[in-house]
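Worksheet: the structure to be examined is printed underneath.
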Amino acid sequence: MTTQPIPVPIATLVHAAADAKPAETPAVTASGSAPVELPRYDRAGIRTGIVHFGLGNFHRAHQAMFLDRLLALGEGNEWGICGVGVMPGDARMRDVLAAQDSLFTLVLKSGTGELDARVIGSIHDYRFAPDDREAVLAELTAETTRIVSLTVTEGGYRLPEEGTENPLGVFDLIVTGLARRRAAGTVPFTVMSCDNLPGNGEVARGVILEAARRRDPELAAWIAENVAFPSSMVDRITPVTTDADRALVRDTFGVEDAWPVVAEPFVQWVLEDHFTAGRPALEKVGVQLVSDVAPYEKMKLRLLNASHQGMAYFGLLLGHTFAHEATTDPRIVAFLHRFLAESRPTLDPVPGIDLDDYVNTLFERFTNPAIADTLNRLATDAGSRIPTFVLPTIVDNIAAGRDVTFGAALVASWVFQLERDGHAQPAQTEIEHNLTALAAKLEAEPRAIIEYAPVFGDIATHDAFVTPYLATLEALRRDGAAATLDALNGSAE
């Protein structure tokens with residue numbers, strides 16, 4: 001009878017390696033069968049230079065990883081990350097990071113079954129605003145803090161109604177931090193959005209200026225004059241952590257980690273080189289620093305993110321659970337290629353990118369079974385994602401007199417799935433509640449959802465969209481998803 005090896009707690013593993021000169025032992029085998037790479041730098045010398053709101057899986061697989069790479073080069077000690085949580089659910093992240101010295105395991109899973117594990121050490125602190133608002137503000141006002149970054153999701157860039165401000169809200173905290181820096185004569189920090197939004201820097205700027213204007217118009221003017229808001233394009237498929245992922249890290253790598261992150265090997269970060277008070281040397285670790293991120297951003301949102309929407313609803317309607325299942329279904333693959341053919345004419349030239357190669361790479365990524373990205377995750381927050389990822393392509397094509405059959409069909413697949421099953425997760429926002437209520441009226445009022453202006457604007461006034469939308473919605477009700485896709489794909493041949 002063999003004895004099961006005892007996994008080593010992640011902090012214990014890293015601290016023991018640090019005592020044994022980490023630069024000389026970059027990878028170790030704990031009690032598992034495969035080695036895991038450990039931080040090759042002295043974490044005790046790191047100080048906060050970046051305060052990050054929204055310390056979820058994506059940030060940890062993306063920005064935190066890039067900073068970890070920089071630290072491994074012996075640079076960037078002044079750019080350590082302090083995470084901030086503002087939602088009640090963030091208390092779990094607080095507790096996990098506190099128990100693990102802010103360390104976590106990043107496991108990259110390739111489509112061929114290869115695994116690559118690395119412990120990320122670039123996050124060195126965490127603040128939970130409901131516990132101590134002043135502790136968060138102390139980080140925001142520290143002279144050493146030079147960047148405040150955001151991954152608060154597409155739906156997170158909304159302010160409450162004027163007069164109902166939340167002192168624990170992300171943007172209230174940022175504005176308060178900037179106000180205190182202004183009063184103290186401290187150079188303001190850069191605000192760096194890393195969310196999937198077109199012009200995410202400008203979006204963040206607009207929300208912060210409005211929050212500041214409500215408080216003090218002179219403060220808003222100072223922010224507009226002195227604070228940089230670079231836009232960025234970020235990309236890495238990063239699913240929700242499961243118990244199976246925790247077991248993988250424990251059994252394969254011998255590491256006890258309460259909240260590891262799994263992700264695909266592909267990663268991209270394109271960032272505008274526009275900062276108020278300096279930045280890390282991210283170009284040394286694979287980040288593209290550019291003067292204008294817009295072409296890259298539009299390409300990614302309209303091809304990758306929109307494809308996720310295209311596979312999510314039809315995939316769920318066809319009984320699939322995971323993205324790799326949906327994108328090996330010939331019906332969905334044919335639909336996505338036709339939808340992307342509609343989307344590509346709306347793009348601007350993208351320096352250094354061959355679009356054929358980019359699309360081929362997308363499908364390689366989508367079909368990676370090791371990632372097990374759920375369609376329910378992709379379908380979450382559709383009330384923000386559809387208008388961000390899909391509708392701009394439709395609007396541009398209508399303006400140019402081009403066909404929008406497949407874009408309209410994508411929207412219809414979401415509406416039908418919403419009518420049939422409701423939201424993948426319980427409605428969290430006013431928009432989601434309103435969409436759910438409108439879905440109940442669809443049988444009598446088939447235009448009810450597309451006439452909802454907060455999501456669709458005036459798109460319901462365009463017959464070029466409404467006609468194929470209604471036709472697909474009716475076909476889904478009458479014939480089901482498989483027959484509807486067959487008819488759509490056949491009509492394009």
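Structural remarks
- Options ALA437, ALA412; residue that is assigned to a helix (DSSP H, G or I) and in contact (Cβ under 8 Å) with a residue 40 or more places away in the chain: ALA412
- Among the conditions (1) β-branched (Val, Ile, Thr); (2) farther than 28 Å from LEU115 by Cβ; (3) assigned to a helix (DSSP H, G or I), the only one that ILE332 does not satisfy is (2).
- Scanning segment 259-293 for residues that are of a type in the set (Val, Ile, Thr), outside any loop (DSSP other than H, G, I, E, B) and closer than 12 Å to MET233 by Cβ returns VAL270, VAL290.
- Count - residues of segment 462-483 that are under 32 Å from the mean Cα position of the chain (by Cα) and closer than 16 Å to ALA399 by Cβ: 4
- Subset of segment 277-309 [in contact with a Ser or Thr (Cβ under 9 Å, 6 or more places away or on another chain), surrounded by fewer than 23 Cβ atoms within 10 Å (Cβ to Cβ) and small (Gly, Ala, Ser)]: ALA277, GLY278, ALA294
- Residue count for segment 440-493, restricted to those that are closer than 18 Å to ARG402 by Cβ, of a type outside the set (A, V, I, L, M) and either surrounded by 17 or more Cβ atoms within 10 Å (Cβ to Cβ) or in contact (Cβ under 8 Å) with a residue 60 or more places away in the chain (or both): 6
- Residues located in segment 178-204, provided they are in a helix (DSSP H, G or I) and not hydrophobic (A, V, I, L, M, F, W, C): ARG180, ARG181, ARG182, ASN200, GLY201, GLU202
- Scan of segment 236-255 for residues that are surrounded by 20 or more Cβ atoms within 10 Å (Cβ to Cβ) and of a type in the set (Asp, Glu), ordered by number: ASP245
Computed from the coordinates by the stated procedures, all read-outs in this text should not be read as laboratory data. Just so it is clear, the structure is predicted and the values come from calculations on it, not from any experiment. All Cβ positions, even for glycine, are placed from backbone atoms using ideal geometry, and neighbour counts span all protein chains on display.
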